[in-house]
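See structure below.
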Amino acid sequence: MEPFSEVHVSEPGLIVVDVAAGDDETALAFQEAVAARWATAVADRTTREPGRPGVRLRCYVDLRQSLDTQAPRTA
């Protein structure tokens, strides 16, 4: 994956999450679970790197907001 910008980690509570998963559905499900709890800039697709197994995904998370202690609602 490409390097990320300093602005993405410029304050305490801001994180960059790089995910490696076996398939698109797993990577996107992880991202959805994180986004259900914290403000998250989500990716709309995964990427594949030649010669590496699985898929990659990057999302940017803001942990500075209060954590919702209740389980996320399901449809």
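Condition first: assigned to a loop (DSSP other than H, G, I, E, B) and under 11 Å from the mean Cα position of the chain (by Cα). Now tell me which residues in region 47-61 satisfy that. Residues satisfying the conditions do not exist here.
Any residue at all in region 41-57 that is within 23 Å of Pro12 (Cβ to Cβ), surrounded by 11 or more Cβ atoms within 10 Å (Cβ to Cβ) and at pLDDT 90 or above? Within region 41-57, none of the residues are within 23 Å of Pro12 (Cβ to Cβ), surrounded by 11 or more Cβ atoms within 10 Å (Cβ to Cβ) and at pLDDT 90 or above. Figure legend. Inter-residue proximity from region 1-19: first residues under 18 Å from Val42 (Cβ atoms) and of a type outside the set (Gly, Ala, Ser), second residues assigned to a loop (DSSP other than H, G, I, E, B) and at pLDDT below 80, beta-carbon distance below 6 Å, spacing 6+ or different chains. Indicated pairs: Val16/Phe4; Asp18/Met1. May I ask you to list pairs of residues, at least six apart or on different chains, whose Cβ atoms are under 8 Å apart, with the first in region 34-55 being farther than 17 Å from Glu2 by Cα and free of Cβ contacts under 8 Å to residues at least 60 places away in the same chain and the second being of a type in the set (Val, Ile, Thr) and in a strand (DSSP E or B)? Once the first residue is farther than 17 Å from Glu2 by Cα and free of Cβ contacts under 8 Å to residues at least 60 places away in the same chain and sits in region 34-55, its partners that are of a type in the set (Val, Ile, Thr) and in a strand (DSSP E or B) give Val34/Val17; Val34/Thr40; Val34/Val61; Trp38/Val61; Ala39/Val61; Thr40/Val61.
The values are calculated or read from the model by the stated rules, or taken from the named source; none is laboratory data. Just so you know, these numbers come straight off a predicted model, no measurement behind them. Ideal geometry is used to build each Cβ from the backbone, glycine not excepted, and the neighbour counts take in all protein chains shown.
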